[in-house]
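Remarks on the structure that follows.
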Amino acid sequence: DTAVSQTPKYLVTQMGNDKSIKCEQNLGHDTMYWYKQDSKKFLKIMFSYNNKELIINETVPNRFSPKSPDKAHLNLHINSLELGDSAVYFCASSWDREGQQYFGPGTRLTVT
Amino acid sequence: GIQVEQSPPDLILQEGANSTLRCNFSDSVNNLQWFHQNPWGQLINLFYIPSGTKQNGRLSATTVATERYSLLYISSSQTTDSGVYFCAVAGNNRKLIWGLGTSLAVNP
């Protein structure tokens, strides 16, 4: 059983398009996260939800919008994609806001 | 905000060797985690260790919160230990701040 899953694993798209990445966790965790890993492998938090409530919203372009339909799911929608959005996006979850975080396999987004 | 420094940035070992990775942080933290990113990109949580010492097989970690550092020990290294090791910390704002990682290559 996959604990934290993401779809798709790879996403290649053109500038200006809109795309979504989906994340699901079956661990029963209350808190979920989106991270971005750039080409130099630097990881930075983007968003976090606790029980469907947005609790962390870092300075990211408002073209990025997270949505948590329930506490097991956290999706990321990106409008008007730009070249600089190319990166690996990771979803993660934890029991609570301070707990050990478990990561999904990542979604490699390439914008051409 | 909190600064996280990891050392060394790169490390090459022969299989069977031991190593110590270090993570320094600039302010008090209430959350510290060590992760391994394997060559296929998967991020695995190794330890949640805001203070004290933990062991898991050949890996162990120690955090001395009062002196603002944490150490990750790898004993009898194996080729499967290759990858990047990240330290991430959080203070009261609960946002994990990540170090730049230590890239480890274990040669057979």
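From A:R97, A:R63, which residue is at pLDDT 95 or above and open to solvent by 20 Å² or more (accessible area, probe 1.4 Å)?
Details: A:R97 fails: at pLDDT 95 or above.
Selected residue: A:R63, the only one of A:R97, A:R63 that is at pLDDT 95 or above and open to solvent by 20 Å² or more (accessible area, probe 1.4 Å).
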*Among (1) farther than 23 Å from A:N50 by Cβ; (2) touching a residue at least 24 places away in the same chain (Cβ under 8 Å), which single condition is B:W98 missing?*
(1)
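Just the residues that are in a strand (DSSP E or B) and either of a type in the set (F, W, Y) or at the interface with another protein chain (Cβ under 10 Å from one of its Cβ atoms) (or both), please, taken from the range A:41-63. Show your work before the answer.
Filtering the range A:41-63 down to residues in a strand (DSSP E or B) leaves A:43-50, A:53-57.
Across the range A:41-63, the qualifying residues are A:L43, A:K44, A:I45, A:F47, A:S48, A:Y49, A:N50, A:I55, A:I56.
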*What's the number of the condition B:K95 fails, among (1) of a type outside the set (G, A, S); (2) open to solvent by 60 Å² or more (accessible area, probe 1.4 Å); (3) not in a strand (DSSP E or B)?*
(2)
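Counting only residues that are at pLDDT 95 or above and over 11 Å from the mean Cα position of the chain (by Cα), how many does the range A:69-83 have?
First, pick out the residues of the range A:69-83 that are at pLDDT 95 or above: A:72-83.
Keeping just the survivors that are over 11 Å from the mean Cα position of the chain (by Cα) gives A:72, A:79-83.
The number of residues fulfilling the criteria is 6.
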*Test each condition in (1) part of a loop (DSSP other than H, G, I, E, B); (2) open to solvent by less than 40 Å² (accessible area, probe 1.4 Å) for A:Q6 and report the one that comes out false.*
(1)
*How many residues, within the range B:16-75, are within 14 Å of chain A (Cβ to nearest Cβ), open to solvent by 60 Å² or more (accessible area, probe 1.4 Å) and among the aromatic types (F, W, Y)?*
1
_Failed item in (1) at the interface with another protein chain (Cβ under 8 Å from one of its Cβ atoms); (2) within 16 Å of A:Q100 (Cα to Cα); (3) of a type in the set (A, V, I, L, M), with B:V84 passing the rest_ = (2)
*Select from the range A:67-102 the residues that are facing chain B (nearest Cβ under 9 Å) and of a type in the set (A, V, I, L, M) and list them in ascending order.*
A:V88, A:A92
*Would you check which residues across the range A:66-85 are farther than 27 Å from A:D30 by Cβ and either in contact with a Pro (Cβ under 6 Å, 6 or more places away or on another chain) or crowded, with 17+ Cβ neighbours inside 10 Å (or both) and list them?*
A:L81, A:D85
*Restricting attention to the range A:43-57, does a residue exist that is within 30 Å of B:P9 (Cβ to Cβ), free of Cβ contacts under 8 Å to residues at least 24 places away in the same chain and open to solvent by 40 Å² or more (accessible area, probe 1.4 Å)?*
yes
*What are the pairs, 6+ residues apart or on separate chains, where a residue within the range B:1-18 that is in a strand (DSSP E or B) and of a type in the set (S, T, Y) has its Cβ under 6 Å from a residue that is surrounded by 14 or more Cβ atoms within 10 Å (Cβ to Cβ) and modelled with pLDDT of 95 or more?*
B:S7/B:R22
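The values are calculated or read from the model by the stated rules, or taken from the named source; none is laboratory data. Remember, predicted model here, so these are calculated numbers, not experimental data. FYI the Cβ positions are ideal-geometry reconstructions off the backbone, even for glycines, and counts take in every protein chain you see. Quick note on the areas: whole protein, heavy atoms, side chains included, nothing else; ligands and nucleic acids left out. Shrake-Rupley method; radii C 1.70, N 1.55, O 1.52, S 1.80 Å.
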